[in-house]
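The values are calculated or read from the model by the stated rules, or taken from the named source; none is laboratory data. Quick caveat: nothing in here was measured; it's all calculated off a predicted structure. Because the Cβ atoms are built from the backbone with ideal geometry, glycine has one as well, and the counts that use them run over all protein chains shown. To get the accessible areas, we keep the full protein, side chains included, count just its heavy atoms, and leave off ligands, DNA and RNA. Shrake-Rupley method; radii C 1.70, N 1.55, O 1.52, S 1.80 Å.
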Amino acid sequence: MINPDNLLILLDHLRCSAFELPFKKDDRFGRLPAEQLAEFLQFLQDSGSLHHSGDQYFWMADQYPAQSISLRSASADQFILQAMHDDVPETVGQIDRASAFWMVHPGAVYIHEAQTYLVDQLDLDHNIATLSPIDTDYYTEPRQESTVSLVEKFEEMDVQGATKAYGDIRLVNQVVGFKRLRWYTHELLGYGEVTLPPTELVTTGYWVSLNEETVDSLRDQGLWRGDPNAYGRNWLRQRDQARLRDRYTCQICGAVESDRAHDVHHKIPFRSFRDERGNIDTNLANRLDNLITLCQTCHKRAETAVRVRSGLAGLAFTLRHLTPLYLMCDARDLGVHSDPQSPLASKRPVIVIYDQIPAGIGFSQRLFELHDEIMAHALNLISGCGCEDGCPSCVGPGGEFGAGGKQETLAILKALVAYNM
Amino acid sequence: MPSLSDRLKSLGVKVGAQNLPSPQVNRPFSVENVLDGKVIPTHLGEAYAVESLFPNGYAQGSVPIQISHPLHGIADWIQEDRLRETSSTQIAFLDTETTGLSGGTGTYAFLIGVGRFDGDEFHLAQFFMRDPAEETGHLAALEEFLAPCSALVTFNGKAFDVPLLATRYLTHGWRPPFMEHIHIDLLHLARRLWRARLPSRTLPNLEYNILGALRTEQDVPGWMIPQLYFDYLRSGDARPLKSVFYHNAMDVLSLAALLNHTSGILADPLHARLEHAEDVYSIARLHEDGGDLQMAIQLYHQGLEGTLPEDKFVETLQRLGRLYKRQGDFSASIALWEQAAQHNHIDSHVELAKYFEHHLRDYESALTWTQRALKIIAEPGFNLYERRYWQAELERRLSRLLRKLHG
């Protein structure tokens, strides 16, 4: 699926068309409204590509516009991948700028034509990634942090249990590190840090924001994980005791507390101590041998390793794998982001699915239209899955000690689907 | 809603220059006021041309602009018999200045310089497109000027000027007026004639090295020309275009001088009294490739009498040796190959080894030549790729010879 009115695609199409034949005054272009075409032609004239004379716009630039169009992505800002063979660089491929940050960050393992390469350097000024051909027994997976903000909402509609919307969003993404995982077993071998500037993607997104009623009903069922944890009355004491016991030292990396108190982490997640009625035995959960002192960095890693999957994250996982089937696209063409307090919907819980392509190519509008069908399908999929508490086929696998979030995800979907099948 | 330009910028479009002024009318420095040309009415609108006449004998550098030699040598080279019957007044010399150097449909030939002999004079017309809206008149005027002509002379016109102009005519739905014309592209000939001697065969380089002409400061490098035209369209100020007209006029005049020069060489190469032995070598190769082996042999000998750089000297020996071999004159070949072998020429070693092995069945001598060649390619400075190529060939020969010698 390609949206021909994507601004970037449209701009390049218009440039190529103007190169082939001058635009005349009342010419049309596809389904583009006449006034918008005029705006584009004016833009091209102002930036020196067109010459307006009489009632025609003539191409007047020493360029061959088709040459600057990449068939692999909408943006033409390309990085080249240079493999070093005995200090002699050989260009093995190209990658677009947005992908370069997460695919060829320093330390990444990149695979090209069955050869594994280790990325030595990513030169952002010259758009060059330097690789060394190397045999590894591991691959890497980037760790990214994203924030989403609203640019412009195109349409919004109340649906069962929620509000659906689509529009332009701004996604700020930063690759902060990566995991090293062993081939075949996916065993975690360690972490690497990456210092890269954040990247910005303005694209179209479709989002579902749960309404108050839905969240309240989930809370009542004890299946809402979006609220900040209240660790109970004995928490502060237990926390300080744990830090004292661990001599204020991170038990993973050995860093000693300096200007910030270290975190204290539940080895078995706090939420797992919830009984059938939703109550947590804080004495059991906060007992000292379930607590460990960790510095902030190690804590973040531990949190991602032992994940308590919330219903929101579980639903995001399901939609990530379900929606490409409706759109006939690659799973990597879409991004999925969930946020219990999203700026897209006045701090309400949101799942947003966006086009991984600058300016979007039409996925979001389609998802907006397909909302009911997709949610019903998701509910069907998860309730029909034979797993106990999450697996790769439904809401995603739970961690070693974690909870899968299947039940929580089902609860959300039941609130979103009008006629349970 | 942010403006289109801001939205595109936020998507990472590198927009470059912005808010350029709209095209302006510049009366004091308009084309008509700055250039000494005239408006030509055509049935498809106006055209504009600057015309100049050059008297018979006018020289570009040291070479006069005229057709002083028969064109049969050129006719042989381009394999075009119609050229033998073509009179000098039917030949048009053409060069275009365009809005882009990479070509393609959206590239305009905004200045078309075309010259032809008219009586005693060389008549140069430079058709200038004052505005792209005027292109129909511009092309119609060129068509009228070309009407008496049946041959075109260009420099890289086969790849650039002619297809580009043809596209312009086709875009307007007309048949290009020169599709059946004889076409002499002097770039290809220049490459063959001066590749051995000149590091660059661009027209300004040939002008300087072959014609002995030097352009004045008024000239402008070709890559700047599109931008000068774009600037003119925006500002209406035609003054900077003067240098483009000068550049274009020089190109057309050089074409005429170059045809005169090359047709003279090709008409009778043995008596062309060429100053440089490399040029003799190049013309010999031209005839060898064209199948005129007798002429090639005579020219290679003439080249060997001059001062050739070592690589060309050795190559001449080897080529001459091969020509004699084709004629069955092995004694002449052997002498030449032995001479080349002294310069460590591997191919000649192989030829000698073949000769001793297959004709004289003197395996000892064949072995000696093969071993000598293997020694040469093993030397440290020898080119890696050539070594790889010869190694396999020579070792195969060596083992076969050893088998024949020792059973």
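Looking only at the range A:22-34, decide whether some residue is open to solvent by less than 20 Å² (accessible area, probe 1.4 Å), part of a helix (DSSP H, G or I) and under 30 Å from A:Arg332 (Cβ atoms).
no
If I filter the range A:8-20 for residues that are under 30 Å from A:Asp330 (Cα atoms), touching a residue at least 40 places away in the same chain (Cβ under 8 Å) and part of a loop (DSSP other than H, G, I, E, B), do I get at least one hit?
No, every residue in the range A:8-20 fails to be under 30 Å from A:Asp330 (Cα atoms), touching a residue at least 40 places away in the same chain (Cβ under 8 Å) and part of a loop (DSSP other than H, G, I, E, B).
Might you let me know whether the range A:65-88 holds any residue that is more than 10 Å from chain B (Cβ to nearest Cβ), aromatic (Phe, Trp, Tyr) and under 30 Å from B:Thr98 (Cβ atoms)?
no
Could you count how many residues in the range A:174-209 are open to solvent by less than 30 Å² (accessible area, probe 1.4 Å) and within 14 Å of chain B (Cβ to nearest Cβ)?
The number of residues fulfilling the criteria is 4.
If you check B:Lys312 against the conditions, is it within 22 Å of the chain's Cα centre (by Cα) and open to solvent by 20 Å² or more (accessible area, probe 1.4 Å)?
So B:Lys312 fits the description; yes.
Could you check how many residues of the range A:89-117 are in a loop (DSSP other than H, G, I, E, B), of a type outside the set (A, V, I, L, M, F, W, C) and either open to solvent by 40 Å² or more (accessible area, probe 1.4 Å) or within 14 Å of another protein chain (Cβ to nearest Cβ) (or both)?
2
Here's a check for you: in the range A:36-59, which residue that is within 8 Å of chain B (Cβ to nearest Cβ), in contact (Cβ under 8 Å) with a residue 24 or more places away in the chain and over 14 Å from B:Leu8 (Cα atoms) is most open to solvent (accessible area, probe 1.4 Å)?
A:Gln56
Does the range A:26-34 contain at least one residue that is of a type in the set (Lys, Arg), over 30 Å from B:Leu101 (Cβ atoms) and outside the structural domain of A:Leu327 (by TED's automatic domain parsing)?
yes
Would you say B:Ser68 is open to solvent by 50 Å² or more (accessible area, probe 1.4 Å), over 30 Å from A:Thr199 (Cβ atoms) and at pLDDT below 95?
Yes.
Within the range A:362-377, how many residues are open to solvent by 10 Å² or more (accessible area, probe 1.4 Å) and either small (Gly, Ala, Ser) or within 17 Å of the chain's Cα centre (by Cα) (or both)?
Matching residues across the range A:362-377 total 2.
Per-residue answers, yes or no, for (1) in contact (Cβ under 8 Å) with a residue 60 or more places away in the chain; (2) away from chain A (no Cβ under 14 Å); (3) over 19 Å from A:Pro22 (Cβ atoms):
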position	(1), (2), (3)
B:Pro64	yes, yes, yes
B:Pro70	yes, yes, yes
B:Asp76	yes, yes, yes
B:Gln79	no, yes, yes
B:Thr98	yes, no, no
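What about B:Thr105, is it open to solvent by less than 10 Å² (accessible area, probe 1.4 Å), within 14 Å of chain A (Cβ to nearest Cβ) and either small (Gly, Ala, Ser) or touching a residue at least 40 places away in the same chain (Cβ under 8 Å) (or both)?
Criteria not met by B:Thr105.
Of the conditions (1) away from chain A (no Cβ under 14 Å); (2) more than 28 Å from B:Leu214 (Cα to Cα); (3) at pLDDT below 95, B:Gly57 clears all except one; give me its number.
(2)
Any residue at all in the range A:389-406 that's more than 14 Å from every other protein chain (Cβ to nearest Cβ), over 22 Å from the mean Cα position of the chain (by Cα) and of a type outside the set (D, E, K, R)?
Yes, some residue in the range A:389-406 is more than 14 Å from every other protein chain (Cβ to nearest Cβ), over 22 Å from the mean Cα position of the chain (by Cα) and of a type outside the set (D, E, K, R).
Kindly indicate whether B:Ala256 is in a helix (DSSP H, G or I), on the phi < 0 side of the Ramachandran plot, modelled with pLDDT of 90 or more and not assigned by TED's automatic domain parsing to the domain that holds B:Leu198.
The answer is no for B:Ala256.
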